[in-house]
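Here the structure is laid out as structure tokens; the discussion comes afterwards.
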Amino acid sequence: MNLMEVLGEQVARFPDRPAIIETSGGTDRVMTFAGLEQSCAQAAVALREAGLKKGDHVLFLQGVLVRTLA
């Protein structure tokens, strides 16, 4: 089972539950499981359009923040 399959199971069970909660300056930003899946799908499309193929290796180095995933 890969990470997208695990995420898909969570989306099926809890689409509107928070997947990521970012607290900054007294304000919470929330991304639901459905929103996270959509952002991941958009990133996958962008990577394919950039020429990546199945089996290519990719490293993402970034903080886990709602604004970087949206």
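The values are calculated or read from the model by the stated rules, or taken from the named source; none is laboratory data. Worth saying up front: this structure is predicted, and the values here are computed from it rather than measured. So basically every Cβ, Gly included, is an ideal-geometry build from the backbone, and we count neighbours across all protein chains shown. Surface areas here come from the heavy atoms of the whole protein model, side chains and all, with no ligands, DNA or RNA. Shrake-Rupley method; radii C 1.70, N 1.55, O 1.52, S 1.80 Å.
The table that follows gives values for the structure above.
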read-out	value
Count of residues meeting criterion [open to solvent by 80 Å² or more (accessible area, probe 1.4 Å) and either acidic (Asp, Glu) or modelled with pLDDT of 95 or more (or both)] in the range 25-37	1
Pair list, Cβ < 9 Å and 6+ apart or interchain, from the range 1-19 residues that are in contact (Cβ under 8 Å) with a residue 24 or more places away in the chain to residues that are among the charged types (D, E, K, R)	Met4/Glu37; Leu7/Glu37; Gly8/Glu37; Val11/Glu37
Some residue of the range 1-23 being basic (Lys, Arg) and at pLDDT 95 or above	yes
Where Phe60 falls short, out of the listed (1) outside any strand (DSSP E or B); (2) open to solvent by 50 Å² or more (accessible area, probe 1.4 Å); (3) touching a strand residue (DSSP E or B) at 6+ places or on another chain (Cβ under 7 Å); (4) modelled with pLDDT under 95	(3)
Test: residue in the range 13-34 that is out of contact with any strand residue (DSSP E or B) (no Cβ under 7 Å at 6 or more places or on another chain) and closer than 22 Å to Val58 by Cβ	no
